[in-house]
Amino acid sequence: YVAAVYEHESILSPNPAVLVERRSALELMGRNLDIYEQQVLAAAREGAQIIVFPEDGIHGFNFTRSSIYPYLDFVPHPQSGKWNPCREPYLFNDTEVVQRLSCMALKNRIFLVANLGTKQPCERSDPRCPPDGWFQFNTNVAFAADGALLATYRKHNLYFELAFDTPPQPDYAFFDTPFAGRFGMFTCFDILFFEPAVNLIRQYNLKQIVYPTAWMNQLPLLSAVEFQQAFATAFNVNILAANIHHPSLGMTGSGIYTPVKSFIYHNMESIGGKLIVAEIPVITTDYKTNLEKTLGRISEKGNEQSPPSFYAEMMYDNFTFVPVWGEKGELQVCANTLCCYLNYRRAVLTDELYALGVFDGLHTVHGTYYVQACALVKCGGLSFSTCGQEVTDATALIDFQLWGNMSTPYIFPLLLTSGITLDFADHMGWKNNHYFMSKNRTSSGLLTAALYGRWYEKD
């Protein structure tokens, strides 16, 4: 099927904390919706059957609970019956944004997914009801090609979003299409947690995901395109991921991903939005990785002299590293219960320092979640203290096998190359209670090759 995602440079409110009237809130959102309208038309002309827009694209961010209120639409739960906002605009008040999105879908005969702020009155007798008498949600809406509202999803894992409430229970949101079956839906930070993202995929056996995000890139392990691809690979799904484009805030990176191929946009230089349109296969069967024949080579460690281990901070976590010296070798580094192993060979020795790092513990900065990671990274300079820094360019071409005795089945294989481009492992999977990834010769200089494990039970 043909899918589109739009990386949108939002027109932002100059003073998001200032209280405005609904009329000026609609005026600002209208300017973003005008751009959406052009992009839906462009995507439809290229044959797209579905288009996805980013998180916060319509209203922006950095609001307070009260200052966002004029920007919020009312959206009834789809369970409350079929509603076509474009054809039945008078059913509910404060639905101007939803109506415009519905009409874009209808006019262009395209499925459309967008993110907006919504409000929902609650009974003051409800102990969860906020003092002002309503909930405020970060919400995705999905429309059919006739403009009907198909599904809503209220973001569960908020990322320092003081304007919004967490829904009382996780939403499991999905909708059906004639061209690719069922699509699941979640937002941004949700991708790192079991609820609802992983549970949704497992419970409904989903193979297509729509994913609005406003992601701030963090190298070496959590660049947007790097993790979006790893998620598609780990869960054997297609992901249509739309990010916003604000390079000054570190926000860029969108794509259309299959488990074995991707169409991405990562651009920290120029301004303006970007439409990606790609044709991808509907996933029906599970990709089987070809394990046995590569894995004959994995040996348990001999007792040759290992280089010295050292500590450095990466992604705000205290990793234990060993340097990756010379043109070839076998390394091991352990922390807690996790041991990581690396066999490597460099095509040409370059004056770049690489290191193999391990972390097995609770990550506590910008969210709390348990990580088990084995990571081969290029360091920022030639001293050990630079390992773990954000690096965007590399020249070393490395053949490697990386494996670890992970305690969780949820492993995200990261493979990032120079200029924030993606590569794909030749082989990966489980063997003898170890998860491994191997690659002969990366397509360009290696930035990161990592097994990023999420041990959800230990969050």
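The values are calculated or read from the model by the stated rules, or taken from the named source; none is laboratory data. These numbers were taken from a predicted model, which means no experiment stands behind them. FYI the Cβ positions are ideal-geometry reconstructions off the backbone, even for glycines, and counts take in every protein chain you see. These accessible areas exclude ligands, DNA and RNA; they are computed on the full protein's heavy atoms, side chains included. Shrake-Rupley method; radii C 1.70, N 1.55, O 1.52, S 1.80 Å.
This table checks each residue for (1) within 30 Å of P247 (Cα to Cα); (2) at pLDDT 95 or above.
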{"site": "N267", "(1), (2)": "yes, yes"}
{"site": "I271", "(1), (2)": "yes, yes"}
{"site": "D286", "(1), (2)": "no, no"}
{"site": "N290", "(1), (2)": "no, no"}
{"site": "L295", "(1), (2)": "no, no"}
{"site": "G302", "(1), (2)": "no, no"}
{"site": "S306", "(1), (2)": "no, no"}
{"site": "T320", "(1), (2)": "no, yes"}
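Yes/no matrix, rows are residues, columns are (1) exposed (fewer than 14 other Cβ atoms within 10 Å of the Cβ); (2) under 24 Å from H246 (Cα atoms); (3) in the same structural domain as L149 (by the TED database):
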residue: N62; (1), (2), (3): no, yes, yes
residue: S67; (1), (2), (3): no, yes, yes
residue: P76; (1), (2), (3): no, no, yes
residue: K82; (1), (2), (3): yes, no, yes
residue: C86; (1), (2), (3): no, no, yes
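Looking at region 343-459, the strands (runs of 3 or more DSSP E) lying wholly inside it that each contain 1 or more residues that are within 16 Å of V324 (Cβ to Cβ), touching an Asp or Glu at 6+ places or on another chain (Cβ under 7 Å) and charged (D, E, K, R) sit at 369-378, 434-439.
Of the residues making up region 421-459, just one is within 19 Å of L192 (Cα to Cα), of a type in the set (G, A, S) and in contact with a Ser or Thr (Cβ under 6 Å, 6 or more places away or on another chain), namely G453. Candidates in region 100-109 are the residues that are assigned to a helix (DSSP H, G or I) and not aliphatic (A, V, I, L, M); of these, the one that is surrounded by the fewest Cβ atoms within 10 Å (Cβ to Cβ) is K107. When each of N108, N140, N84 is tested for being farther than 18 Å from G57 by Cβ, polar (S, T, N, Q) and either modelled with pLDDT of 95 or more or touching a helix residue (DSSP H, G or I) at 6+ places or on another chain (Cβ under 8 Å) (or both), the lone residue that passes is N84.
Listed here are the residues, each with its yes/no results for (1) without any contact (Cβ under 8 Å) to a residue 60 or more places away in the chain; (2) open to solvent by less than 30 Å² (accessible area, probe 1.4 Å).
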position: A234; (1), (2): no, no
position: S248; (1), (2): yes, no
position: S254; (1), (2): no, yes
position: V260; (1), (2): no, no
position: I264; (1), (2): no, no
position: G272; (1), (2): no, yes
position: E279; (1), (2): no, no
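Of all residues in region 78-99, those that are part of a loop (DSSP other than H, G, I, E, B) have Cβ atoms under 8 Å from Cβ atoms of residues that are modelled with pLDDT of 95 or more and among the acidic types (D, E), 6 or more apart or on another chain, in N84/D146; D94/D73; T95/D73. Across region 165-214, the number of residues qualifying as touching an Asp or Glu at 6+ places or on another chain (Cβ under 9 Å) and β-branched (V, I, T) comes to 2. Residue pairs whose Cβ atoms lie under 6 Å apart, sitting 6 or more positions apart in sequence or on different chains, and linking a residue in region 20-48 that is among the charged types (D, E, K, R) to a partner that is at pLDDT 95 or above, are R22/P70; R31/I11; E37/M104; E46/V277. Within this structure, S418 passes the test of being over 30 Å from E457 (Cβ atoms) and in the same structural domain as N343 (by the TED database).
Of the residues that make up region 379-398, is at least one of a type in the set (A, V, I, L, M) and either modelled with pLDDT under 95 or farther than 25 Å from V348 by Cβ (or both)? Looking through region 379-398, none of the residues is of a type in the set (A, V, I, L, M) and either modelled with pLDDT under 95 or farther than 25 Å from V348 by Cβ (or both).
Inspect region 61-71 for any residue being more than 28 Å from the chain's Cα centre (by Cα) and part of a loop (DSSP other than H, G, I, E, B) and give the result as yes or no. Before you say what the answer is, go through the steps one by one.
Within region 61-71, the subset more than 28 Å from the chain's Cα centre (by Cα) is 66, 70.
If we keep only those that are part of a loop (DSSP other than H, G, I, E, B) too, we end up with 66.
There is at least one residue in region 61-71 that is more than 28 Å from the chain's Cα centre (by Cα) and part of a loop (DSSP other than H, G, I, E, B).
Of all residues in region 183-208, those being farther than 19 Å from F137 by Cβ, touching a strand residue (DSSP E or B) at 6+ places or on another chain (Cβ under 9 Å) and either in contact (Cβ under 8 Å) with a residue 24 or more places away in the chain or open to solvent by less than 10 Å² (accessible area, probe 1.4 Å) (or both) number 9.
Residue count for region 112-149, restricted to those that are open to solvent by 20 Å² or more (accessible area, probe 1.4 Å), assigned to a strand (DSSP E or B) and in contact (Cβ under 8 Å) with a residue 60 or more places away in the chain: 0.
Within region 336-380, being aliphatic (A, V, I, L, M), open to solvent by 20 Å² or more (accessible area, probe 1.4 Å) and more than 30 Å from L158 (Cβ to Cβ) holds for A347, V348, L349.
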